[in-house]
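A short write-up of the structure that comes next.
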Amino acid sequence: MGASLELDDIQAGALYERPSPYVGVYLLLCIRDRADGRELVRRLHRIVDPASTIGTADETSLTVAFTYHGLEALGVPQTSLDSFAPEFRQGMAARAEILGDTGASGPDQWEEPLGSTDVHVAIAVLSSDEARLHTVAEKARAAHAELPGIELIWRQDCYQLATGRTSFGFKDGIGQPAVEGSGRASTNPRERPLKAGEIILGYPDETGELPPMPAPEVLGRNGTYVVFRKLHTRVAAYRSYLRARSASRAEEDVLGAKIVGRWQSGAPLALAPDHDDPELGSDPHRNNDFAFGDDPRGFKCPVGAHARRANPRDALDQEGSVDVRLHRMIRRGTSYGPMLPEGVTEDDGIDRGIIFVFAGAHLRRQFEFVKTQWLNDGIFIGAPRESDPLVGPHDDSSSFTIPQRPIRRRLQDLPPFVVTRGGEYCFAPSLSALRWLAELDT
């Protein structure tokens, strides 16, 4: 029998998908005064909805998460702080080199105050309706208003277009895993729901064990780790690269699809290898119903394509040593900044990109494993010198191989198309834990 999730105690935004399309805002707060910090948490607790309230596509959600330094600022006892995952305690900036965030993506280049010890509280408000967004965002503002010990230090407005497409032009948000006990079925009938403990702490995971959980139990249970990253997308450089290596617009589309693993409509190459199929791409019952095991050499979808790296599905089954399910996580991508007009290949100097949020119970073997072993490295696909062609760290010798007959094609000198602007590891506690934090008396 599967796990029975305590949905009344889990933050809705930490578990369920967002409406589409939507508008949203991310806020980062700094706690300057402990008493005001606890009052902030008390106020936020009243406006965070539990997962049990989510039932329609037009919901508005508010999610609250804390960094290690935020929990420290609230006065969480050191014994409890020490019980959190080492990666969370260190923070993303300290692990930047491991993650491949170097050079232009290094912490010394990050947008202030991202990655600093001043980032304590992260709030995300998302809604399918702009008026409702403003209503809930105003509640979030009121929660920290008139608290002199709380400072709003960063804000990022975001959105998802009705097409679901990101700044690179590709439909995103496909392929999310279902979570056992959540009440949501998988969009991939070939993939059974993940054990609840892969995403939410306090439940058995895919190994059959309980993941390590922060102490006391009221603080850790029904919470989840959240990875927050702001990624600047170099759309003009991406378009220019494809145009310089294509004889026609149609060939540009093919090269883009080979790099991503899907056509812009969302249709996967595994099901539509030769041409785009917008009807397939827009059908949630079909656009995630595929595997890679029947395409071991990547003639349909290159083994190094972004989507195949991020989720190899059954492609590694023959290896016997990699259980892909241990590296699955909830992934949310949110656009920020205006879209670069269609056909423009000159950089307009405007900041645009994606706010990526990942949720899971295991920072190291989920986000960090996928980032370092599958996106940044090519050993697992037999191409050690090749990183992810879309989001990987590239240098002057970066390349991407496209299998085809009679002769494979190799794209050379890939520039970086994505630059990290900053990020942080956070913890989204349960509603019970929010109440516990608000009532601390240390």
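The values are calculated or read from the model by the stated rules, or taken from the named source; none is laboratory data. Since the structure is predicted, the reported quantities are computational estimates derived from the model, not experimental observations. Neighbour counts run over all protein chains shown; Cβ positions are idealised from the backbone, glycine included.
Within the group Leu269, Leu242, which residue is touching a Cys at 6+ places or on another chain (Cβ under 9 Å), over 30 Å from Leu431 (Cβ atoms) and not aromatic (Phe, Trp, Tyr)? Sole residue among the options that is touching a Cys at 6+ places or on another chain (Cβ under 9 Å), over 30 Å from Leu431 (Cβ atoms) and not aromatic (Phe, Trp, Tyr): Leu269. Among the residues making up the stretch 295-306, those that are surrounded by fewer than 24 Cβ atoms within 10 Å (Cβ to Cβ) and out of contact with any Asp or Glu (no Cβ under 9 Å at 6 or more places or on another chain) are Asp295, Pro296, Arg297, Gly298, Phe299. Could you tell me whether the stretch 150-160 includes any residue that is farther than 30 Å from Val419 by Cβ and either assigned by TED's automatic domain parsing to the domain that holds Phe356 or in contact (Cβ under 8 Å) with a residue 24 or more places away in the chain (or both)? Checking the stretch 150-160: at least one residue is farther than 30 Å from Val419 by Cβ and either assigned by TED's automatic domain parsing to the domain that holds Phe356 or in contact (Cβ under 8 Å) with a residue 24 or more places away in the chain (or both).
Among the residues of the stretch 224-261, which ones are assigned to a loop (DSSP other than H, G, I, E, B) and farther than 21 Å from Arg421 by Cβ?
Arg245, Ser246, Ala247, Ser248, Gly261
The combined condition, being in the same structural domain as Ala51 (by TED's automatic domain parsing), surrounded by fewer than 21 Cβ atoms within 10 Å (Cβ to Cβ), closer than 30 Å to Ala65 by Cβ and touching a residue at least 60 places away in the same chain (Cβ under 8 Å), is fulfilled by Ala215.
Given the conditions (1) surrounded by fewer than 19 Cβ atoms within 10 Å (Cβ to Cβ); (2) touching a strand residue (DSSP E or B) at 6+ places or on another chain (Cβ under 7 Å), and given that Leu126 satisfies all but one, which numbered condition is not satisfied? (1) is the only condition that Leu126 fails. Output the residue which, of all residues in the stretch 339-354 that are within 25 Å of the chain's Cα centre (by Cα), touching a residue at least 24 places away in the same chain (Cβ under 8 Å) and surrounded by fewer than 21 Cβ atoms within 10 Å (Cβ to Cβ), is nearest to Asp205 (Cα to Cα). It comes out as Arg352. Just the residues that are crowded, with 18+ Cβ neighbours inside 10 Å and of a type in the set (Ser, Thr, Tyr), please, taken from the stretch 307-338. Of everything in the stretch 307-338, those that are crowded, with 18+ Cβ neighbours inside 10 Å and of a type in the set (Ser, Thr, Tyr) turn out to be Thr334, Ser335, Tyr336.
Being over 19 Å from the mean Cα position of the chain (by Cα) and among the basic types (Lys, Arg) is the requirement here; does Lys371 meet it? Taking the combined requirement at face value, the residue does not satisfy it.
For the condition under 30 Å from Val41 (Cα atoms) and either among the β-branched types (Val, Ile, Thr) or out of contact with any Leu (no Cβ under 6 Å at 6 or more places or on another chain) (or both), Arg435 qualifies. Selection of the stretch 186-223 for residues being of a type in the set (A, V, I, L, M, F, W, C) and outside any helix (DSSP H, G or I) yields Leu194, Ile199, Ile200, Leu201, Leu210, Met213, Ala215.
Considering each of Ser430, Ser387, Ser398 in turn, give the residue that is surrounded by 16 or more Cβ atoms within 10 Å (Cβ to Cβ), at pLDDT 95 or above, among the hydroxyl-bearing types (Ser, Thr, Tyr) and over 25 Å from Asp274 (Cα atoms).
Values: Ser387 fails: over 25 Å from Asp274 (Cα atoms); Ser398 fails: at pLDDT 95 or above.
Within the list Ser430, Ser387, Ser398, the selection yields Ser430.
Residues that are crowded, with 23+ Cβ neighbours inside 10 Å and modelled with pLDDT of 90 or more were ranked within the stretch 1-21; the one that is nearest to Cys426 (Cα to Cα) is Gln11.
Quick check, is Val303 in a loop (DSSP other than H, G, I, E, B), in contact (Cβ under 8 Å) with a residue 60 or more places away in the chain and over 25 Å from Thr187 (Cα atoms)?
Numbers: in a loop (DSSP other than H, G, I, E, B): yes; in contact (Cβ under 8 Å) with a residue 60 or more places away in the chain: yes; over 25 Å from Thr187 (Cα atoms): no.
No.
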